[in-house]
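In what follows, a single structure is set out as structure tokens and then discussed.
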Amino acid sequence: MRSPAVSIAPGVWRIPTFAHDLVNTFAFVDDDGQVTLVDAGTKSAPKRIVAGLRQLGSAPSEVTRIIATHAHGDHVGGLSNLRGRTSAPVAVHERDAAYVREGKGPVLDRSTIGGRLFRHGPGATPTTVEEELVDGQVVEVGGGLRVVHTPGHTPGHVALLHEPTGVLVTGDAIWNMFSRRSWPIASFCTDHALNEKTAHVLGELDYEVAAFTHGPEIRDGAREAVRGFLRKKAVVS
């Protein structure tokens, strides 16, 4: 039986919320037991997130912040439910905050068929956002979680770098489904060309573990694996 939570670094856990690690939430646990969750998965995810918290010896009452990497339904679909279970404040980049508050999916790329057919992606239950994040901000999580704004997938998409443990949460800038790096599907993006442009930042950061919201983490040679993908896609020279 698969574990409901997987340790990827000291105090950092991946909580799979869908089969085959296709969708993940992350838990950062401070020395005092306080938990910050990154992403809330789909509408059905909170049950698995609570099971994951139980696996690492925690509970919803110990969650003190929920950060969303962006406003897509597979990342904020469970946010309203999870906020209700935990009473934790929600943090989203300033450019995606309105989508979360209104329960509206971000605008889709009009150069794609999907973007032309559907102006916005699927929404989610409107949820209060207490904190609007900005690029370069260091959130007080286990010694510091740095916000890296990588727009394109959505206007306010962010990656998160936990420098004390060397864990990078890529969000949807890059997928690793079935351990194969790829770009997110173009029609899911607000501007897929911009996503490919801004993702090069992930090859310039220093980290030991690349943690993907879609797919399993890379623990060995993570930075070079990401840089290799970016070179192959001609984003990094």
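The values are calculated or read from the model by the stated rules, or taken from the named source; none is laboratory data. Computed from a predicted structure; not experimentally measured. As a convention, Cβ positions derive from the backbone with ideal geometry for all residues, glycine included, and neighbour counts pool all protein chains shown. Ligands, DNA and RNA are excluded from the accessible area calculation, which covers all protein heavy atoms including side chains. Shrake-Rupley method; radii C 1.70, N 1.55, O 1.52, S 1.80 Å.
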Under unit Cβ charges (Lys, Arg +1; Asp, Glu -1), what dipole magnitude, rounded to 20 debye, does region 29-92 have relative to its Cα centre? 360
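Could you rank Asp32, Asp172 by how accessible they are, 1.4 Å probe, largest area first?
Values: Asp32 105, Asp172 0 Å².
Sorted by accessible area, descending: Asp32, Asp172.
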Lys197: which lysines have alpha carbons under 16 Å from its alpha carbon, excluding same-chain residues fewer than 8 sequence positions away? Lys232, Lys233
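First measure r as the distance between the Cβ atoms of Phe178 and Ser7, then evaluate 1/(1 + (r/R0)^6) with R0 = 22 Å and state the FRET efficiency to the nearest 0.05. All intermediate terms of the calculation are to be shown ahead of the outcome.
Working: r = 21 Å, r/R0 = 0.98.
Once the sixth-power term is evaluated, E becomes 0.55.
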Which lysines, if any, have their Cα less than 17 Å from the Cα of Lys43, not counting same-chain residues under 8 positions apart? Lys104
Counting only heavy atoms of the protein chains, get the accessible area per residue of region 7-104 (1.4 Å probe) and round it to a whole Å² value. 38
Any idea how far apart His120 and Glu140 come out in nm if each label point goes 7 Å out from Cα toward Cβ? 3.5
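Would you kindly calculate the mean projected area, averaged across all directions, of the convex hull enclosing the Cα atoms of region 58-211, in square nanometres?
Numbers: hull surface 36.4 nm².
That works out to 9.1 nm².
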Expressed in angstrom and rounded, the centroid-to-centroid distance over alpha carbons for region 1-65 and region 151-220 is 19
Here, Val201 and Lys104, labelled 7 Å along Cα→Cβ, have an inter-label distance in nm of 2.5
Per-residue SASA entry for Thr128, accessible area with 1.4 Å probe, Å² rounded to 10: 80
Along the dipole axis of region 58-136 (charges at Cβ: +1 for Lys and Arg, -1 for Asp and Glu; origin at the Cα centre), the most positive-end residue among Gly77, Val100, Gly121 is Gly121
Please work out how much length the chain gains when fully extended from Asp31 to Arg231, using 0.36 nm per residue of separation minus the C-alpha to C-alpha distance, in nm with one decimal. 68.2 nm
Which percent of Cα-Cα pairs in region 42-106 sits in each 10 Å bin, short to long? 22, 53, 22, 3
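On the accessible surface of the chain, probed at 1.4 Å, how many percent belong to carbon and sulfur atoms? All intermediate terms of the calculation are to be shown ahead of the outcome.
Working: 5160 of 10170 Å².
Its accessible area is 51 percent carbon and sulfur atoms.
How much length, in nm to one decimal, is gained on full extension between Glu130 and Ile185, taken as 0.36 nm per residue of separation minus their Cα-Cα distance? Let's see the in-between values first.
Details: separation 55, 0.36 × 55 = 19.80 nm, distance 2.99 nm.
Computed gain between Glu130 and Ile185 is 16.8 nm.
In Å, what Kirkwood hydrodynamic radius results for region 20-135 from the alpha-carbon pair distances? Before the final figure, lay out the partial values.
Numbers: mean 1/r = 0.0691 Å⁻¹.
About 14.5 Å for region 20-135.
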Can you tell which of Gly57, Gly33, Gly144 shows the greatest fluctuation in a Gaussian network model of the chain with Cα springs below 10 Å? Gly57
